[in-house]
Amino acid sequence: MKKKYKRILIIILIVVLLAIISFVIYKIFLNNKTEEVVNIVDSISEYGYNLDDRDTELMKNVYEELKDVLLADTIDYEKYADTLARLFVIDLFTMNNKINKYDVGGTEYVYPDAIENFKLNVEDTIYKHMENNSSGKRKQNLPEVSSIDVLSTEVGEYTIGDTDTFDAYIVDLAWEYSSDLGYDDNATVTLVKMEDKLYVVEYAVGE
């Protein structure tokens, strides 16, 4: 009987130990991929654009511009492209409000079929060295876009795949940070028009 109870006790201890190990692994590794829970304070529901409570004043101001453009009786697609390109850059390069490297900014503006590749690329490059802030104790100095300007906008065409060609807007941008940490400060963002909505399909760093 004693041997039987001893075996049961050993099994219980092993189960408890495995549970503790699993919990620790989850907290250290898997939980790092969890995006910060944020509150949506405004939405342009027809287009799927949201404003979060953690967004900067600059982001909020440009979002209001976008809202005005999209709620107008007739949409000016060039203004739509200019505004969306600015929002994309602000959200992507304002990193001090992101929880970790997996919390990639700008994804809601990207062409749906390209989102996963876009996120993986950002995680491995721009966000690669971002420290996790799930505890709220991060001390790392990260960039915040403080101003952004549209330098020029061209209308053209963009081909996705071999045959699908769409109306495109090629927007040249320049921006500044609250603190210069060496990140991109100018680029060309290309957007395509699919039905009545624009999507970012290309980001190219300026010279």
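The values are calculated or read from the model by the stated rules, or taken from the named source; none is laboratory data. These numbers were taken from a predicted model, which means no experiment stands behind them. Heads up, the Cβs are rebuilt from the backbone with ideal geometry, glycines too, and the neighbour counts pull from every protein chain shown. Please note that ligands, DNA and RNA were not included when accessible areas were found on the heavy atoms of the full protein model with its side chains. Shrake-Rupley method; radii C 1.70, N 1.55, O 1.52, S 1.80 Å.
Helix 2-25 axis versus longest C-alpha principal axis of the chain: approximately 20°, rounded to the nearest ten.
Scanning the chain for trypsin sites (Lys or Arg not before Pro) lying in DSSP loops with no more than 11 further Cβ atoms inside 10 Å, the longest uninterrupted stretch between such sites is 1-127. Overall dimensions of the stretch 102-149, expressed as equivalent-ellipsoid semi-axes from the Cα gyration tensor (√(5λ), whole Å, largest first), are 22, 16, 10. For the chain, the solvent-accessible area with a 1.4 angstrom probe is 60 square angstrom per residue.
Helical runs assigned H by DSSP (4 residues or longer) give the chain a calculated mean residue ellipticity at 222 nm of -10500 deg cm²/dmol, each run adding -39500 (n - 2.57) before division by the residue total.
The angle between the Cα long axis of helix 57-71 and the longest principal axis of the Cα atoms of the chain comes to about 60 degrees, rounded to the nearest 10.
Report the far tail of the P(r) of the stretch 130-207, meaning the percent of Cα-Cα pairs longer than 13 Å. Tail of the P(r) past 13 Å holds 74 percent of the pairs. Roll a 1.4 angstrom probe over the protein heavy atoms and tell me the percent of accessible area of the chain that is carbon or sulfur. Result for the chain: 51 percent of the exposed heavy-atom area is carbon or sulfur.
I'd like the GluC sites (Glu not before Pro) in the stretch 41-99 restricted to DSSP loop residues with at most 12 other Cβ atoms within 10 Å, sorted by number. When the GluC sites (Glu not before Pro) of the stretch 41-99 are filtered for loop state and at most 12 Cβ neighbours within 10 Å, 46 remain. Would you kindly give the portion of the calculated P(r) for the chain that falls above 20 Å, as a percent of all Cα pairs? Across the chain, Cα pairs with separations above 20 Å total 63 percent.
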